[in-house]
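Where a number appears in this text, it was derived from the coordinates with a stated rule and is not lab data. Note that the structure is a prediction, hence the values are computed from the model and not measured. Cβ placement follows ideal geometry from the backbone for every residue including glycine, while neighbour counts extend to all protein chains displayed.
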Amino acid sequence: MILILKPSIDTEAAEYKQLVSYLSALQNIELRIHQEQGVERTLTEIHLIGNTAALSLEDMKNLTGVEYVVRVSEEYRVLGRHKADNRPSYFDYQGLRFGQDTLHVFAGLCAVDSPESVEMMMKALRDNGQVCTRMGAYKPRTSAYSFQGYGKSCLPYVFELAGKYGIKVIAMEVTHESHVDEINEALKITGNPTGVMLQIGTRNTQNFELLKSVGRPQEFPVLLKRGFGITLDESLHAAEYLASEGNQKVIFGLRGMKTNVGDPHRNFVDFAHVSVVKRLTRMPVCIDPSHSVGLRSRGVEGILDVMHVTAQGVVAGANMILVDFHPAPEKAIVDGPQALLLSELPHFLEDVQITREGYEKRKALAERIFAEN
Ligand code: PEP
Ligand code: MN
């Protein structure tokens, strides 16, 4: 059960202290308090865990300081959508809104390989009106002998260049909790020129200790990729590890499933799950067409497969696109074969816009037909 408190309730006030002490005295109930700092207000939620079936919804609603109460099902307690649940399906970060109604493109390098590539990428983004990017500094690789990313040594120039070109958010994978400290440290020494969205990759979707440690600090949003060989339900449960530690700024990423059924693509594209995730949870949904397709193949009409599958996700209402670009894909150290060229960025963005308009029209049509019936 979740008690959503009145907006901007003062946690120093007697009213709040009384409420907490009353709830703490309930038998077989554990309390977890979550505070979400929004632009307009601070949202305080008290999560009651344990034998909540014994509690009356009416009694809880009538407690001083409580705005409304949501009785959660067992599924996806914090991030899920529950009956009579009007908690927000968005969060704000770096002046940008990330929600189930918005769309952001995170085009960038799979792996940072030199200051020159980073600068060329950032400049192309700025010239095309973009304020978000992806940059891999810590790369989880199949072989222990492959390049593992430049790690913390590249962070200062990546962040400084982001600031120089007006990039507000960088999606960056972390594979160990120490990476979050390194990112924090590098942001601090460079004067916080940009923001970071921590990414948990498909190989770590069920690394529960990593999820817990990344869920604890709440300043960074987290992009959690679905596991490539587990069910959607298992990946959504994994997202709860972040939220149950306090971080509700979570975006769920679809990146294709590992199976030969998807050949010749690198993974079997799973963007049919965009609307499923939005229905089951309050998380914005990201698609990663690059890791799904894995190559630069092109349809007979000339459209790249990466763009075709992007369109499939966007026309279904995706909220974020994580896509690999590189100034010289043949020289990229990681995932060159799936990278698009900087000269293809305007084409990609226009294609996304056309498809997003298609989604908006489909949504308006469905709303009209629903209202008429
Ligand atoms: C990535 O986005 O760089 C990445 C490694 O993705 P995934 O975890 O989906 O393989
Ligand atoms: Mn990659």
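Would you look at the GNM of the chain, springs on alpha carbons closer than 10 Å, and say which of N247, N62, N192 moves the most? In the Gaussian network model the winner is N62. Checking every one of the chymotrypsin sites (Phe, Trp or Tyr not before Pro) in the stretch 238-268 against DSSP loop status and a limit of 14 other Cβ atoms within 10 Å picks out no site at all. On the beta carbon distance between L295 and E116, with R0 = 30 Å, the FRET formula returns roughly 0.75.
Of the chymotrypsin sites (Phe, Trp or Tyr not before Pro) found in the stretch 119-164, those that fall in a DSSP loop while having at most 12 other beta-carbon atoms within 10 Å are Y145, F147. Approximating the spin labels as points 7 Å out from Cα along Cα→Cβ, the I29-to-K361 distance works out to 5.2 nm. The H on the amide N of I251, modeled in the peptide plane, is under 5 Å from the matching H of V222, L223, L224, each at least 5 residues off or on a different chain. Each label point was placed 7 Å from the Cα along the Cα-to-Cβ direction; for I303 and F208 their separation is 4.3 nm. Helix 345-372 against the longest principal axis of the chain: what's the angle in degrees, Cα atoms only, rounded to the nearest 10? So the helix axis and the longest Cα principal axis differ by about 40 degrees. Karplus-derived 3J(HN,Hα) values for the stretch 7-16, using 6.51 cos²θ - 1.76 cosθ + 1.60 with θ = phi - 60°, are x, 6, 4, 7, 6, 9, 6, 4, 3, 5 Hz; glycine and proline are entered as x.
Please list, by residue number, everything in the stretch 75-105 whose backbone N is under 18 Å from a paramagnetic label point 7 Å out along Cα→Cβ of R279. Inside the label zone: 75-76, 80-85, 100-101. Taking Cα atoms only, the orientation of helix 232-244 departs from the longest principal axis of the chain by about 60 degrees.
Once backbone amide H atoms are built at 1.01 Å from N, A111 has G136, V334 as its partners under 5 Å, excluding neighbours fewer than 5 places away on the same chain. Over the chain, dividing the summed -39,500 (n - 2.57) contributions of all DSSP H runs of at least 4 residues by the number of residues returns a 222 nm mean residue ellipticity of -10000 deg cm²/dmol. Annotation for E40 and A272: the two label points, set 7 Å from Cα along the Cα-Cβ direction, are 3.8 nm apart. With Cα atoms as the point set, the radius of gyration and Dmax of the chain evaluate to 21.5, 69 Å.
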